[in-house]
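Working notes for the structure below.
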Amino acid sequence: MEHWKRTIERANRCFMQGELVDAREGYLQALALAQVLFERWADADEAVAACVISHHNLADLHLRLNQPEESAQYLCAIHQCLLQTLQDPRLSPQLREAALRQSSKTYVELLNFISDHGEYPRTHRLLGGAAPQPITPHYGAH
């Protein structure tokens, strides 16, 4: 976890200083660490948070580069990863529960992204349309 934190902090400093190529490299390294260690981290909440943060930082970076479709790819990738984690019976209950808690945040991030930047093919496929449809009551025989 410490190596991941140092990597993210270094990338964040680059991002804040406008050194976007170096920031991207750091964020990609942090993401690789988070993915490799995902199932091995002692604390499931930290493992999931590291993956979410890594993806969201890359999404922010691509927005700064005026590349919203790439940003959408990262936001969708982490949301989809969490949904798959929820359904994987070989993973620990703690990891699955942590994924459930974070999935509501990644869902909101996706909706906010769509609201601000519009829909992209992957967001549409993942969410089946940006806005939740109103529930209409069905009358008649069941």
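Reported count of residues in region 76-119, each being out of contact with any Phe, Trp or Tyr (no Cβ under 9 Å at 6 or more places or on another chain) and more than 21 Å from A50 (Cβ to Cβ), is 8. Criterion first (exposed (fewer than 15 other Cβ atoms within 10 Å of the Cβ) and either not hydrophobic (A, V, I, L, M, F, W, C) or not in a helix (DSSP H, G or I) (or both)) does R40 satisfy it? Considered against the rule, which asks whether it is exposed (fewer than 15 other Cβ atoms within 10 Å of the Cβ) and either not hydrophobic (A, V, I, L, M, F, W, C) or not in a helix (DSSP H, G or I) (or both), R40 comes out as yes. Restricting region 1-15 to residues that are touching a residue at least 12 places away in the same chain (Cβ under 8 Å) and not hydrophobic (A, V, I, L, M, F, W, C) leaves a set whose member that is surrounded by the fewest Cβ atoms within 10 Å (Cβ to Cβ) is H3. When region 42-58 is filtered for residues that are more than 17 Å from S103 (Cα to Cα) and under 18 Å from the mean Cα position of the chain (by Cα), only L58 remains. If the condition is being in contact (Cβ under 8 Å) with a residue 24 or more places away in the chain and among the hydrophobic types (A, V, I, L, M, F, W, C), then region 21-37 contributes A23, L28, A30, L31, L33, A34, L37.
The numbered conditions (1) crowded, with 19+ Cβ neighbours inside 10 Å; (2) at pLDDT below 95; (3) more than 19 Å from R96 (Cα to Cα) are all true for Y27 except (2). Can you tell me which residue among A98, A34, A11 is of a type in the set (G, A, S) and touching an Asp or Glu at 6+ places or on another chain (Cβ under 6 Å)? After applying the criteria, what remains is A98. Applying the condition of being crowded, with 17+ Cβ neighbours inside 10 Å and without any contact (Cβ under 8 Å) to a residue 24 or more places away in the chain to region 75-113 and asking which residue is farthest from W41 (Cα to Cα) yields A77.
The values are calculated or read from the model by the stated rules, or taken from the named source; none is laboratory data. Please read all numbers here as calculations on a predicted model, not as lab measurements. Backbone-built Cβ (ideal geometry, glycine too); neighbour counts: all protein chains shown.
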